[in-house]
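Undergrad: Input: one structure, supplied below.
The values are calculated or read from the model by the stated rules, or taken from the named source; none is laboratory data. All of these numbers come straight from a predicted model, not from anything done at the bench. In this analysis, Cβ positions are derived from the backbone assuming ideal geometry, glycine residues included, and neighbour counts consider all displayed protein chains.
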């Protein structure tokens, strides 16, 4: 297994830096299976964003807003069943942001969580597979490849600020400062694009994290870019976002990863989801395992929320011994 970094500078002048690492011994104490402490619903869900005691869940038919203060008694506050195959990509202030295969990019007013309302939308050229919101812009991945930057300063009238095209299908985007990382999508080959978004009207590809074979799903965790491949997760230090440095690899045969955006990484392999604490990237700690796959997971304190067919909540309890 090899992970590569291929840096491409502006004006087409390339400088390649190839990093190779050998298969590492990855011994760990047997991790306990996390207990289910709460469960809700049966609708097919694609994403979850936690906002204090509330969760915004994107489903096949729209969005559900849940109160999750007590995981043993999750309460549905409201739903909007107005668009299909939805992903809630962020909640900020009074607004929630959603991508949909039928309606593009949608902004919801969720100031009253019991009665959310659609306040604006941008349909785009094609459907969006993922997105993230930062400041006055939403960064959305085109299902056919490329990245749209949408100005959301006026929630009632989101407009296209800029766009950049490249190959890929149904990829993901993660942001660090003024740099966006866009994956090629699950199962596709190709590298993770590094996109300069410092000028939102003219985003541009400035580099690429190359990977071998299919894969490339990505997450951000503790200042690192995690890239899932068919043989393991490569962790790149983003101290210099446009020049990622390979620091660690977690071996395994993978199908998906996601993160809480802080220090927790969820790795799915061979039908099991492993919850890693990456407070120390050099010494990952296994918090436990879940014998199931989820479309999305999020952590709040000692609880893990997973969504797929409905929602399940797991208790972390005491962590297992550090992996070596």
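Undergrad: Show me the strands (runs of 3 or more DSSP E) entirely contained within the range 277-317 in which 2 or more residues are under 16 Å from the mean Cα position of the chain (by Cα).
TA: Answer list for the range 277-317: 296-300, 303-315.
Undergrad: Determine whether the range 266-273 contains at least one residue that is on the phi > 0 side of the Ramachandran plot and assigned to a loop (DSSP other than H, G, I, E, B).
TA: Checked against the condition, which is being on the phi > 0 side of the Ramachandran plot and assigned to a loop (DSSP other than H, G, I, E, B), the range 266-273 yields at least one hit.
Undergrad: Also, I was wondering about something else. Counting just the residues of the range 249-265 that are under 29 Å from residue 133 (Cβ atoms) and in a strand (DSSP E or B), which one comes out farthest from the chain's Cα centre (by Cα)?
TA: 250
Undergrad: Go through the range 154-182 and give me each residue that's modelled with pLDDT under 90 and either in contact with a strand residue (DSSP E or B) (Cβ under 9 Å, 6 or more places away or on another chain) or on the phi > 0 side of the Ramachandran plot (or both).
TA: Those that are modelled with pLDDT under 90 and either in contact with a strand residue (DSSP E or B) (Cβ under 9 Å, 6 or more places away or on another chain) or on the phi > 0 side of the Ramachandran plot (or both): 166, 168, 169, 170, 171.
Undergrad: On to the next question. For the range 256-267, what are the residues that are without any contact (Cβ under 8 Å) to a residue 60 or more places away in the chain and surrounded by fewer than 22 Cβ atoms within 10 Å (Cβ to Cβ)?
TA: 260, 261, 262, 263
Undergrad: Take residue 129 and tell me if it is under 26 Å from residue 304 (Cα atoms), in contact with a strand residue (DSSP E or B) (Cβ under 7 Å, 6 or more places away or on another chain) and part of a loop (DSSP other than H, G, I, E, B).
TA: So residue 129 fails the test.
Undergrad: Condition first: over 19 Å from residue 277 (Cβ atoms) and touching a strand residue (DSSP E or B) at 6+ places or on another chain (Cβ under 8 Å). Now tell me which residues in the range 239-263 satisfy that.
TA: Those that are over 19 Å from residue 277 (Cβ atoms) and touching a strand residue (DSSP E or B) at 6+ places or on another chain (Cβ under 8 Å): 239, 241, 242, 243, 244, 245, 246, 253, 255.
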